[in-house]
1. Could you look through region 20-36, keep only residues that are of a type outside the set (Phe, Trp, Tyr) and within 19 Å of Leu78 (Cβ to Cβ), and pick out the one that is surrounded by the fewest Cβ atoms within 10 Å (Cβ to Cβ)?
2. For region 1-44, which positions are touching a residue at least 12 places away in the same chain (Cβ under 8 Å), in a loop (DSSP other than H, G, I, E, B) and not aliphatic (A, V, I, L, M)?
3. What are the residues in region 39-53 that are surrounded by 22 or more Cβ atoms within 10 Å (Cβ to Cβ) and either over 11 Å from the mean Cα position of the chain (by Cα) or small (Gly, Ala, Ser) (or both), if any?
4. Run Gln102 past the list (1) in contact with a His (Cβ under 8 Å, 6 or more places away or on another chain); (2) in contact (Cβ under 8 Å) with a residue 40 or more places away in the chain; (3) surrounded by fewer than 16 Cβ atoms within 10 Å (Cβ to Cβ); (4) not acidic (Asp, Glu) and report the number of the one that doesn't hold.
5. Scan (1) modelled with pLDDT of 95 or more; (2) not in a helix (DSSP H, G or I) for the single condition Val118 breaks and write down its number.
6. If you take the residues of region 106-144 that are in contact (Cβ under 8 Å) with a residue 40 or more places away in the chain and touching a His at 6+ places or on another chain (Cβ under 7 Å), which of them is surrounded by the most Cβ atoms within 10 Å (Cβ to Cβ)?
7. Taking the condition of being surrounded by fewer than 23 Cβ atoms within 10 Å (Cβ to Cβ) and either on the phi > 0 side of the Ramachandran plot or in contact with a strand residue (DSSP E or B) (Cβ under 8 Å, 6 or more places away or on another chain) (or both), how many residues in region 2-19 meet it?
8. Of all residues in region 145-184, which are of a type in the set (D, E, K, R), closer than 17 Å to Glu127 by Cβ and either surrounded by 18 or more Cβ atoms within 10 Å (Cβ to Cβ) or more than 17 Å from the chain's Cα centre (by Cα) (or both)?
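The values are calculated or read from the model by the stated rules, or taken from the named source; none is laboratory data. Owing to the predicted nature of the structure, the values given are computational and were not obtained by experimental measurement. Glycine also receives a Cβ, built like all others from the backbone with ideal geometry; neighbour counts cover every protein chain displayed.
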Amino acid sequence: MTKRLLDPKSSALLVIDIQEKFVGIVKDSALLEERARILVQAAGILGVPIVVSEQYPKGLGPTVSGVRDSLPEGSVVLDKTAFGCLGDAGIKAEIAKLGKKQILVCGLETHVCVNQTVFQLLEEGYEVHLAVDALACRDEKNKEIGLRKMEQGGAIPSCSEMAIFEWMGRSKHENFKELQALIK
C-alpha cells in the first residue's frame, strides 16, 4: 500500500517545462507561475529536493524567472528533448539518485510532457501526485483529458496548498508560519 499523503522525507518535486516562451501560450499562466513558485519555495524550506526540466531551452527559453529565482541551492535544472522527462537519461538518473518514492509534479503541458512523464514515473514504481493548480495547457479540454487519463492510470490528484499541508503534517511544524505565509 502506498502512503497516499505526501511526506517530505519520501518525496521530490518535479517542475516540468515552465519556460519563458511556453508560458505565454497556456491558459492561466499567471496562476501556474504563482503556484509553481510557491511549491518551489515550500520544497526549499522543507528540504524536499527539486528537479526542473527544460524542453529545448534554445527554442523555448529558460524556466520563467519567478520559478527559477525561487529555486533553492541544490536544485537541478536539466535540458531535455524527449517529451516525457524519463525519456531523457540524465533526468531519469537524477530522479532515481534522489531515492524518493513520491514525486509531486507541476508544469506543462498537462496532456503532453506532464502526461508522458507521469506514466513513465508510474511504470518505474513511483507514487505520483499531481499539483493540479500548478499544471497548465493551451486548451482546457486537453488539460481535462490529460488529468483524467493520469488519474485513471494511478496518479493522485492534489494541489499546491494540499501538498504543503501534507508535507507539514501538523500546525506545530517548526516552519508552519513561514509556509502559511506563502499560501495566504
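1. The selected residue is Lys21.
2. Of everything in region 1-44, those that are touching a residue at least 12 places away in the same chain (Cβ under 8 Å), in a loop (DSSP other than H, G, I, E, B) and not aliphatic (A, V, I, L, M) turn out to be Thr2, Lys3, Arg4, Asp7, Pro8, Ser10, Asp17, Lys27, Asp28.
3. Of everything in region 39-53, those that are surrounded by 22 or more Cβ atoms within 10 Å (Cβ to Cβ) and either over 11 Å from the mean Cα position of the chain (by Cα) or small (Gly, Ala, Ser) (or both) turn out to be Ala42, Ala43, Val48, Ser53.
4. Failed condition: (3).
5. (2)
6. Cys137
7. Total meeting the criteria: 6.
8. Glu166
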